[in-house]
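Rule-based calculations on the coordinates, nothing more; no lab input. Remember, it's a predicted structure, so these values are computed and weren't measured experimentally.
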Amino acid sequence: MKIAVPKESAAGERRVALVPEVVSRLTKAGFAVAVEAGAGTRASFPDAQYAEAGADVVSDASSLYSGADAVVRVQRPSDDELAAIPDGAVLIAFLQPLTDPDGVDRLSRRGVTGFAMEAIPRITRAQPMDALSSQATVAGYKAVLIAAERLPRFFPMLTTAAGTIAPAKVLVLGAGVAGLQAIATARRLGAVVSGFDVRPAVREQVESLGAAFLDLGIIGEESEGGYARELSAAELERQQEELEKRIPDYDVVVTTALVPGRPAPKLIPASAVEAMRPGSVIVDLAAETGGNCELTSPGEEVERSEVRIVGLTNLPSTMPFHASQLYARNVFALLTHLAPEGELKLDFEDEITAGACVTRREEAAA
Ligand code: NAD
């Protein structure tokens, strides 16, 4: 079975779907792997390491795709890239099934069997394939580093000959995978950290990291897979009001609140930003789906009322080495699930295979 790894073409994307360590595991297991020249360069994986791991490093699209049974990517393919995928091949990538139904239709018309990394079911057996979690870990960590770098204050408490410096106060809104990583990172840097989430189970997780749970008196529900249910308009309004009172107390707010397939909930109204101290920082990890803060400008960093609001998107791509390494391990786990003995054997009775598949070519079924 041949696996093709194209160079990512999306603007700003520095990750790669397979790293040499994982290519080596695949080639040892009998898979053939073709890697487009330069695919790993921006993630600090040179072509020579792929060749050493047993991959065929190729520079033209026809050698890359010719005879490929599976194409593995980070981002969904462009129209040209989609046209180059062989008929009936399997495509694995972040295919955005909930936010890009047209893209999924294009795959379907092309006869590609698409597996979306976002759609991997959240069951214990599928944890090694959970790329949403692995990339959220990177984003949560990086969000705090960005905040620490932008903040005109120290994070830790310092006792110096010139007197004592008070620690920074950090609030993390949304304490799922990214939020918990943000809390842990901010704690390691010495900040005093609080966290909030609408899912009741989270309080204990926040406290176990040495942070305080900010009680806003709002308790939501957890739906299947551990995701939050969307709050009603009245609940969201109450949450905004409560946050408006509490937020001026913090130097940094990292927001990560998401509800799958829905625009990001607006947690921080403009009035709350205005009430923050000058020099405070908001890092909005939900910027891609509109942002948790009313004043976030997705893809940009802006200053409003002397508060820095960071709405940069795709933070995992800014740490491409480890983001790619984790993603590649997730892809490896899915590939070996779909091809347990070295050849594709798609069992659509299986919860993982059926759950992650977003377009299906009937002939591909086992
Ligand atoms: P996510 O990225 O969809 O959302 C981030 C967080 O935002 C969630 O914790 C959510 O509860 C929270 N949120 C939503 N609306 C909010 C609001 N109005 N105010 C404050 N917070 C709000 O979620 P995620 O991080 O991908 O995952 C959430 C949880 O799923 C994890 O913490 C974990 O418990 C569970 N999970 C399970 C598995 C598994 O079983 N295999 C794998 C990964 C995650």
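Alpha carbon centre of the range 90-144 versus the range 324-346: separation in Å?
Spelled out, the Cα-based centre of one part sits 14 Å from the other.
Based solely on its DSSP helices, what 222 nm [θ] is calculated for the chain when runs of n ≥ 4 H residues each add -39,500 (n - 2.57) and the sum is averaged over all residues, nearest 500 deg cm²/dmol?
The helix contribution divided over the chain gives -9500 deg cm²/dmol.
Which residue, D130, D197, D100, tops the fluctuation ranking in a GNM of the chain built on C-alpha contacts under 10 Å?
D100
Using a Cα-Cα cut-off of under 17 Å, which lysines could be cross-linked to K345, ignoring same-chain neighbours fewer than 8 residues away?
Within reach: K2.
Starting from the Cα gyration tensor of the range 263-311, take the square roots of the eigenvalues, sort them a ≥ b ≥ c, and report rounded, prolate or oblate (rounded when a/c is under 1.5, otherwise prolate if a/b is larger than b/c, else oblate).
Cα axes put the range 263-311 in the oblate bin.
GNM on the chain, C-alpha springs below 10 Å: top fluctuator among A83, A34, A11?
Ranking A83, A34, A11 by mean-square fluctuation puts A11 first.
Indicate, rounded to the nearest 5 percent, the antiparallel portion of the DSSP beta bridges found entirely in the chain.
Of the beta bridges lying entirely in the chain, close to 20 percent run antiparallel.
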